[in-house]
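Report on one structure; see the data block that follows.
What follows draws every value from the coordinates through simple rules; no lab data is involved. These figures come from a predicted structure and were not determined experimentally.
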Amino acid sequence: MTQRNIVTRTWGSSVGKKSVMAVTGVIFLLFVIAHMIGNLKIFFGQETFDAYSEHLRTLGAEIFGYGGILWIIRVVLVGSVLLHMAAAFSLWYRAKRARPIGYQHKAYPGSYAARTMRWGGVIIALFVIWHILDLTTGTVNPDPGGGAYEKLVASFDRPVVAIFYIVAMIALGFHIRHGLWSGIQTLGGNSAIRQNSLKAFSLVVAVVVTAGFVIIPLSVMFGLVR
Ligand code: HEM
């Protein structure tokens, strides 16, 4: 099979598109977990947190230059998100064309999470755009000239913003719970016996990620981090 064939065949089938969603979803999930762990350094104080932020830029600088690794991560993430969204949209469009009348609300198959995947995805995408303008470029941050720690505290000192982050992290949790379960099945974990453990595993990952993120805006709101 030529390379073009592999790409066309993968993108041409529903299973192929679902695999693209699963693989890009896993890439994003790994980033999200690493990011969550890194963020928890906020509890070790401003110096540690700012040093961590700087370290992200100096990592591998001898080979890739200052910030080089970060740029590689950015490119992989943007590519993954675009593919993930394109596959989701294409699968949705294909299902809609195959069933133009649409489901009766009550007859809609799947769990609450399955039905909210699309809206969850949109909320997360909007969140990421705001988040980059807030904490990376500083465009919408009250302390744009500050370091990573100062920007973070200044941002969550605005209750509306802190609540928006919390809502987005809950949406992320729902997205992970259903997406991880569904993605593992797509990639071959589809056995009836494992269903319950798979569901429990996805739930635990989702709760840990949401809790690990949400604790930060909450800590700023309640004055534990200042
Ligand atoms: C309460 C939750 C979160 C906090 C406190 C937080 C904190 C931060 C901070 C401080 C930065 C700037 C790092 C630096 O430049 O040194 C950052 C960047 C970033 N965060 Fe988050 N983050 C959170 C949730 C998320 C989530 C859920 C995602 C993805 C779904 C995400 C994706 C990103 C991305 C893509 C960047 C930009 C990296 C770059 O291009 O420099 N963050 N975050």
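Per residue, the chain reaches -25500 deg cm²/dmol at 222 nm when only DSSP H runs of four or more residues are counted, each adding -39500 (n - 2.57). Between 175, 35, 84, the residue with the greatest mean-square fluctuation in the GNM of the chain (Cα pairs under 10 Å linked by springs) is 35.
Taking amide H atoms as placed 1.01 Å from N in the peptide plane, the amide H of residue 225 lies under 5 Å from those of 220, each 5 or more residues away in sequence or on another chain. Each residue of segment 158-175 was assigned a 3J(HN,Hα) from its phi angle through the Karplus curve 6.51 cos²θ - 1.76 cosθ + 1.60 (θ = phi - 60°); the sequence is 8, x, 4, 5, 4, 5, 4, 4, 5, 4, 4, 5, 5, 4, 4, x, 4, 4 Hz, with glycine and proline shown as x.
By how many degrees, 0 to 90 and rounded to 10, does the Cα axis of helix 195-221 deviate from the longest principal axis of the chain? With both axes taken from Cα atoms, the answer is about 30 degrees. The phi-based Karplus calculation (6.51 cos²θ - 1.76 cosθ + 1.60; θ = phi - 60°) puts the 3J(HN,Hα) values of segment 140-155 at 10, 9, x, 10, x, x, x, x, 4, 5, 5, 4, 4, 5, 4, 5 Hz, whole numbers, x for Gly and Pro. Karplus-derived 3J(HN,Hα) values for segment 57-70, using 6.51 cos²θ - 1.76 cosθ + 1.60 with θ = phi - 60°, are 8, 8, 4, x, 4, 4, 9, 9, x, 4, x, x, 4, 4 Hz; glycine and proline are entered as x.
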